[in-house]
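Visitor: First the structure, then my questions, so here it is.
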Amino acid sequence: MVRLNLILLGALVACALSLVTSRHDARRLFVELERGGASLRQLDIEYGQLQLEQSTWGMPARVEKIARENLRMQLPPAARVEIVDADAPREGNR
Amino acid sequence: MSRAATGFKRADAAGIPLPRFRAPALFGVLGLVFAGLVGRALYLQWVDNDFLQEKGAARFSREIEIPAHRGRVVDRVGDVLAVSTPVKSLWAFSNQFDATPAELAALARVLETTPQKLAARVSANEVYAVLAKQIPPEQAARAMALKIRGLNEQNEYRRYYPGGEVAAQIVGFTGDRDAGQEGIELAQQSWLAGQPGSRRVIINRRGDAVEDVAAIRAPQAGRDLALSIDSRLQYLAFRELKAAVDKFGAKAGGIVVIDAKSGEILALGNLPTYNPNARNKVARERMRNRALTDVFEPGSTMKPFTIATALETGKVRPDSLIHTEAGALTIGSATIHDAHAAGPLTVEQVIQKSSNVGAAKIALSMPAETLWHAFSDAGIGTPPRTGFPGEVAGRLRPAKSWKPIEQATMAYGHGLSVNLVQLARAYTIFATDGELKPVTLFKTDGPVAGRPVVSTQTARAVRKMLEMATQPGGTAPKAQVPGYRVAGKTGTARKLEGRVYTTKYVASFVGFAPASNPRLVVAVMIDEPSGGAYYGGDVAGPVFSSVMGSALRMLAVPTDAPVNNVILPPPGSEIREET
């Protein structure tokens with residue numbers, strides 16, 4: 001009888017301790033989850049900002065201005081364009 | 001108790017007399033104290049419970065808001081057209097704001113303003129003072145780090161439009177509280193809008209959430225929206241339209257680029273326009289998406305529909321001869337004129353040279369009802385249903401009310417009205433083999449089936465006539481594109497003011513290319529060009545040419561003509577039209 005009681009007491013203590021640790025674990029993991037969630041939101045915001053930045057830098061108007069003014073690029077007139085037919089035999093184009 | 005009782009006995013036994021009421025009195029006092037405690041416990045547990053629960057919860061649990069931003073608007077390849085980013089506003093109750101001069105100076109440095117201005121804002125006769133509106137979160141954090149008493153921050157979102165004025169009328173903008181106010185932002189409010197949620201959590205000593213208690217409201221993140229617009233084409237179309245509107249000193253202008261296979265609107269530009277990022281004091285009329293909300297009399301661009309109807313009914317063949325009465329036809333009390341008097345013209349030449357008399361005579365050979373049905377089938381008088389708010393249907397009066405002169409003028413696009421998108425949509429009939437494609441502003445995948453309106457044979461015949469119109473001997477040689485065969489029709493319509501036709505014009509051009517297998521439909525409209533030039537072929541044609549040429553190259557559409565295909569007529573021999 002005493003032995004059974006002792007075993008039960010031991011089991012009870014073990015259960016109690018595991019409850020404490022799992023509760024602690026739960027809280028710790030929850031905090032981690034929260035941090036993860038917060039950084040997800042933060043990264044999402046940053047993504048939006050970067051997208052905004054990308055489309056601001058990559059605006060066709062800006063690209064064109066740089067191409068024309070800094071790189072001095074221009075559209076060739078039709079007379080200087082030659083169209084190569086992809087299906088034509090290659091010797092003919094050489 | 002029993003021990004106490006024995007105590008008495010012992011005391012008695014010791015012979016010390018105790019007052020007889022001492023024990024009951026002590027009992028009574030202890031009993032009262034006990035009853036008091038029980039009463040208090042009951043009171044706390046039952047009566048005052050709510051208040052205490054609340055106070056307790058406030059110590060360890062907190063309701064946090066879960067933010068939900070508004071969805072992005074992107075173009076067909078995913079480039080951002082509108083995006084929300086979080087910003088913060090700093091505010092204070094005027095009577096609670098308490099900053100030392102040094103703090104105020106520090107705050108002013110962070111906010112890049114002067115202490116005087118800040119002080120003026122707080123001391124203004126308002127309960128609530130906004131010290132900084134929509135500033136970046138980092139800046140707000142530095143301001144809050146000063147720990148000034150009474151200074152509060154508030155999370156907000158700000159919507160940015162990187163495309164600026166180029167796509168302003170399509171995308172629209174948001175107003176107060178991030179709610180759509182114009183354009184797609186308004187039409188798709190429920191799709192784009194996010195619904196912030198909130199939940200209750202248990203916090204620890206440091207204020208971190210440690211456990212979820214209950215979700216009060218699940219957040220609903222705003223969804224992204226992909227438009228059919230192609231940013232590169234949009235910019236290109238806008239740039240060319242702007243150049244033309246500036247060059248000809250026009251009042252307004254519009255341009256639409258439609259994918260002939262899917263009916264998607266790839267570009268839609270309007271002038272005048274505005275910058276949605278800085279729209280204070282912008283006149284309402286600059287915000288209008290004219291290509292969808294304004295109508296005009298299309299003029300000659302309607303002629304192909306008259307001809308197609310006649311071909312369908314079998315009244316004429318493409319090579320039938322039409323006598324153009326030396327350029328003047330009198331119907332009742334009115335006379336129709338051609339800009340160029342010519343002899344007999346074939347039906348093809350009626351389109352190529354844009355003969356009003358020819359088109360009118362062909363129209364009068366059919367019952368009004370037939371013509372009405374054909375125009376209606378081409379989408380005249382029904383809104384284009386692009387998903388844009390406030391688009392209009394144009395006007396096509398019932399055939400019963402047409403007088404002969406009206407039937408004649410409708411043949412060349414007067415007495416009815418359309419918006420530019422409708423006109424471009426109608427031309428998908430000739431760009432396909434006779435199908436009217438549904439047009440949309442939203443991205444769709446793959447080809448979309450249209451509604452068959454005319455036979456394949458008729459569509460191809462008209463396509464050939466439209467190609468002739470862009471060749472020497474036609475009204476629009478300037479619409480030609482190197483390397484591609486193009487087809488299209490000019491319009492030079494006098495504007496109706498009140499009930500009188502003025503000498504103000506609407507120059508237009510609608511066409512498609514490559515003619516061998518049309519990919520794009522482009523419609524250009526220039527409202528009131530000034531300074532002499534006003535013919536559709538001279539004003540709108542070149543815009544079509546440059547937009548179509550660059551667009552086909554960007555989309556890598558194979559050429560269907562040699563690059564030296566552009567032949568312009570010698571000066572002085574251009575064919576022009578009236579309407």
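Visitor: Filter the trypsin sites (Lys or Arg not before Pro) in the stretch B:120-197 to those in DSSP coil with at most 13 other Cβ atoms within 10 Å of their Cβ, and list the result.
Guide: Numbers: sites: B:R121, B:K133, B:R142, B:K147, B:R149, B:R158, B:R159, B:R177; in loops: B:K147.
Here the sparse-neighbourhood loop sites are B:K147.
Visitor: Same structure again: Any idea what the dipole of the protein assembly as shown comes to, in debye rounded to 20, about its Cα centre with Lys/Arg Cβ at +1 and Asp/Glu Cβ at -1?
Guide: That gives a dipole near 2260 debye.
Visitor: So which lysines pass the test for B:K247, namely a Cα distance under 19 Å, with those fewer than 8 places away in the same chain ruled out?
Guide: B:K478, B:K504
Visitor: Using only the alpha carbons of the stretch B:505-579, what is the convex hull's orientation-averaged projected area in square nanometres? The partial results should precede the final answer.
Guide: On the way: hull surface 23.4 nm².
In nm², the orientation-averaged hull projection of the stretch B:505-579 is 5.9.
Visitor: Once you have all Cα-Cα distances for chain A, histogram them in 10 Å bins from zero and send the whole-percent values.
Guide: Values per bin, smallest distances first: 12, 13, 13, 13, 11, 10, 9, 7, 6, 5, 1.
Visitor: Return the average number of partner chain Cβ atoms within 10 angstrom of each residue Cβ along peptide A:51-61. Working shown, then result.
Guide: Details: counts 9, 9, 2, 3, 12, 5, 1, 4, 7, 11, 7.
Counting other chains' Cβ atoms within 10 Å and averaging over A:51-61 gives 6.
Visitor: Additional query: From the alpha carbon gyration tensor of the protein assembly as shown, can you work out the equivalent ellipsoid semi-axes (sqrt of 5 times each eigenvalue) and give them in Å, largest to smallest?
Guide: Values: eigenvalues 1244, 151, 143 Å².
Taking √(5λ) for each eigenvalue gives 79, 27, 27 Å, largest first.
Visitor: Once all Cα-Cα distances of the stretch B:28-157 are split into 5 Å bins that start at 0, what whole-number percent is in each one?
Guide: 2, 9, 12, 12, 10, 8, 9, 8, 7, 6, 5, 4, 3, 2, 1, 0, 0, 0
Visitor: Still on this structure: Stick to Cα atoms and the Kirkwood definition of Rh, then tell me Rg/Rh for the stretch B:225-366. Each step should come with its number before you reach the end.
Guide: Numbers: Rg = 20.4 Å, Rh = 18.4 Å.
A ratio of 1.11.
Visitor: Would you work out which of B:V522, B:P472, B:A68 lies farthest towards the positive end of the dipole of the protein assembly as shown, given +1 charges on the beta-carbon of Lys and Arg and -1 on that of Asp and Glu, about the Cα centre?
Guide: Result: B:A68, furthest along the dipole toward the positive end.
Visitor: Additional query: Taking only the alpha-carbon atoms of chain B, what semi-axes of the equivalent ellipsoid follow from 5 times the gyration tensor eigenvalues under a square root, in whole Å, largest first?
Guide: They are 79, 27, 21 Å, listed largest first.
Visitor: I would also like to ask the following. Would you mind checking B:K242/B:K443; B:K303/B:K437; B:K242/B:K303; B:K55/B:K133 for any pair whose Cα atoms are more than 24 angstrom apart?
Guide: Details: B:K242/B:K443 26 Å; B:K303/B:K437 20 Å; B:K242/B:K303 28 Å; B:K55/B:K133 35 Å.
The pairs that break the limit, which is 24 Å between Cα atoms, are B:K242/B:K443; B:K242/B:K303; B:K55/B:K133.
Visitor: Bin width 5 Å, origin at 0, all Cα-Cα pairs of the stretch B:177-266: what percent of pairs per bin?
Guide: P(r) for the stretch B:177-266, in whole percents per bin: 3, 10, 11, 11, 12, 12, 9, 7, 6, 5, 5, 5, 3, 1, 0.
Visitor: While we're looking at this one, here's another question. If you average 1/r over all unlike Cα pairs in the stretch B:329-438 and invert the result, what Kirkwood radius do you get in angstrom? Can you show the working numbers first?
Guide: On the way: mean 1/r = 0.0661 Å⁻¹.
Taking every pair of different Cα atoms in the stretch B:329-438, averaging 1/r and inverting gives 15.1 Å.
Visitor: By how many degrees, 0 to 90 and rounded to 10, does the Cα axis of helix B:101-111 deviate from the longest principal axis of chain B?
Guide: With both axes taken from Cα atoms, the answer is about 30 degrees.
Visitor: Sticking with this structure for a sec: Can you compute log10 of I(q)/I(0) for the stretch B:425-482 with the Debye formula, treating each Cα as one identical point scatterer, at q = 0.13, 0.21 Å⁻¹?
Guide: -0.43, -0.84
Visitor: Among the aspartates and glutamates, select those whose C-alpha is under 12 Å from the C-alpha of B:K88, and discard any that sit fewer than 8 residues away in the same chain.
Guide: B:E138, B:E153, B:E156
Visitor: To two decimal places, what compactness ratio does the stretch B:432-579 give when its Cα radius of gyration is scaled by 2.2 N^0.38 Å? Can you show the working numbers first?
Guide: Details: Rg = 16.3 Å, N = 148, 2.2 N^0.38 = 14.7 Å.
The value comes to 1.11.
We did not get these values from a lab; they are worked out from the coordinates using the rules stated. What you are looking at is a predicted structure, and each value in this text was computed from that prediction instead of being measured. For neighbour counting, all protein chains shown are included, and Cβ atoms are generated from backbone atoms with ideal geometry for every residue, glycine included.
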